[in-house]
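S.K.: Next up is a structure, given as structure tokens.
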Amino acid sequence: LQENFEDVVDQQTRVVAIQHASNCMGTVHRLKEIIKTIKVLNNRTLVVVDGSQAVGHMPVSVKELGCDFYAFSGHKGPLGPQGTGGLYVRKEVLSHIDPLLVGGGAIADVTERDYKLRSDSSAKRFEAGTPNVPGVIGLGRGAEYVREIGLTRIEARERELARSFIDRISAVKGVEIYCPSDMSSRCGIVPFNIEGWRCQDVSLTLDEKWKILTRAGHHCCLPAMRFFGFWEKFGGNIRASFAYYNTEGEVAKVADAVRTIAGA
Ligand SMILES: Cc1ncc(COP(=O)(O)O)c(C=O)c1O
């Protein structure tokens, strides 16, 4: 992967956007090395990380990664309310960005003809209007809860449940599992398909017959789905996502259901 970056990052490259953990493949990218490679190739290239599937599932250190931006959803791993999330911006970059929305806290001065934005490089420059206070309080409580359990513990448990599921279904005839075989490059997401089935039909059957919720389709990653050939053949893939609070019994139940659908 790092070698491929050498083909695409050149002196014209302004921004590279990359996921931390892939929502459609379950891969945890070796971001630290990748970002280092990008910065060596062009140290003016800004690196934007989508950490939606990583935050709350594993320890994350933006300082260690060396990224310029790191975004996450509040309602996934951090167990916060919908409509919340966060964006880290490296301090040196922050002062070069103008807010998209202007108002309230973003303003230092306003006249009849003009306005002046806050000149400091704090996040307040981006807080136009009334903040979502109840949402942020909920996100804070979710984050506290997750930290009480411990991110290393959560990461290990989710990986263990994913490994158990992979072990249980990998030999089932007709089941294709997509993920790196090296468990240290994986998160709790296990994508798969069943030969002869559209992925949406598998997901619907799991729900209707066993009350098992999975997600099926392109997962907002159509280019990746086409690249791997899942789109044409299966309509995408099915994503089984194991979280800290799932049990071994539940893993066994999903695996049995998949085996039944595959007719094994
Ligand atoms: C990798 C990734 N990025 C972004 C999103 C979108 O996040 P949100 O639900 O906060 O809009 C998702 C949602 O599934 C995701 O998996």
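The values are calculated or read from the model by the stated rules, or taken from the named source; none is laboratory data. Predicted model, so just to flag it, every value in this text is computed and none were measured. Please note: Cβ atoms are built from the backbone with ideal geometry, for glycine as well, and neighbour counts cover all protein chains shown. Surface areas here come from the heavy atoms of the whole protein model, side chains and all, with no ligands, DNA or RNA. Shrake-Rupley method; radii C 1.70, N 1.55, O 1.52, S 1.80 Å.
S.K.: Quick check, is GLU232 in contact (Cβ under 8 Å) with a residue 60 or more places away in the chain and open to solvent by 80 Å² or more (accessible area, probe 1.4 Å)?
M.R.: Answer is no for this residue.
S.K.: Moving on to the next point. Report the residue count in the range 34-74 for those that are hydroxyl-bearing (Ser, Thr, Tyr), more than 16 Å from the ligand (Cβ to nearest atom) and in a loop (DSSP other than H, G, I, E, B).
M.R.: Qualifying residue count for the region: 2.
S.K.: Give me the residue from the range 1-25 that is within 11 Å of the ligand (Cβ to nearest atom) and not polar (S, T, N, Q) and, out of that set, farthest from CYS187 (Cα to Cα).
M.R.: ALA17
S.K.: Next question. If you go through the range 75-120, how many residues are more than 16 Å from the ligand (Cβ to nearest atom) and not acidic (Asp, Glu)?
M.R.: 26
S.K.: Okay, next question. Out of (1) more than 20 Å from the chain's Cα centre (by Cα); (2) of a type outside the set (Phe, Trp, Tyr); (3) assigned by TED's automatic domain parsing to the domain that holds VAL55, what's the single condition that is false for PRO99?
M.R.: PRO99 satisfies all of (1) more than 20 Å from the chain's Cα centre (by Cα); (2) of a type outside the set (Phe, Trp, Tyr); (3) assigned by TED's automatic domain parsing to the domain that holds VAL55 except (3).
S.K.: Got at least one residue in the range 114-121 being exposed (fewer than 15 other Cβ atoms within 10 Å of the Cβ) and modelled with pLDDT of 95 or more?
M.R.: no
S.K.: Evaluate the following for SER22: is it surrounded by fewer than 20 Cβ atoms within 10 Å (Cβ to Cβ) and either at negative phi or over 15 Å from the mean Cα position of the chain (by Cα) (or both)?
M.R.: no
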